[in-house]
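The next block holds one structure in the form of structure tokens; read it before the comments.
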Amino acid sequence: MPGKTTDATRLLSGWHQDPKFIDDNALPRLLPESGPRASFEALFGRYGGDIAMPTMIKELLKTGAMERLASGEFKVLMRYYQPSLADSENLLFAVDRIHDVIQTMNNNVFVSESHTPQLRDLSPRATAMFRAFPLRPMEAAHLQVARQPSLA
């Protein structure tokens, strides 16, 4: 989502910049999960957005943006959120989007000769402009190849 800061990136950025969550050397503090002072819970309350806190913790740990120390405190490791590229959920999402693009290409490019595009939803002026528009070279070549008898 270009131009949109994710909730996770906003939270990580706050952890690096908000005076409440950095130490005297301007470094991000180690944060307990909850508590009255600077805590992950307080950070999440200020910057977490609209997802559940346990979901945010799980995602930041999974992607290596932070780690849980033996003391139970969280240590931030990244300034920006980067989803794991090898995450199976992300791969399935990408494959699903690619499938949609290929389906659309099939529907728009490889149309059978018996199928006639419907222009009924266009205004008469737009229909006339569409009909007068010359075919691009690739479209003309595709139609020429599509009309050739099968070699199989």
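For the reader, a short list of remarks on this structure follows.
- Calculated from backbone phi, Karplus (6.51, -1.76, 1.60) coupling profile of the stretch 38-46 in Hz, x at Gly/Pro: 4, 9, 4, 4, 5, 4, 4, x, 8
- By other beta-carbon atoms within 10 Å, ranking MET56, MET105 with the fewest at the front produces MET105, MET56.
- Under 5 Å from the amide H of LEU77 lie the amide H atoms of MET66, GLU67, each residue being 5 or more positions distant or on a separate chain, with H modelled from the backbone and absent for Pro and chain starts.
- Relative contact order (percent, whole number), the stretch 7-76, Cα cutoff 8 Å, 6+ residue spacing: 32 percent
- Residue by residue, the stretch 31-37 carries 3J(HN,Hα) couplings of 10, x, 5, 8, x, x, 9 Hz when phi is fed to the Karplus relation 6.51 cos²θ - 1.76 cosθ + 1.60 (θ = phi - 60°); x denotes Gly or Pro.
- Residues MET66, MET53, sorted so that the one with the fewest Cβ neighbours within 10 Å comes first: MET53, MET66
Any read-out appearing in this document is the output of simple, stated calculations on the displayed coordinates, not a laboratory observation. Only a predicted model underlies this, so the values are computations on that prediction, with no experimental measurement involved. Please note: Cβ atoms are built from the backbone with ideal geometry, for glycine as well, and neighbour counts cover all protein chains shown.
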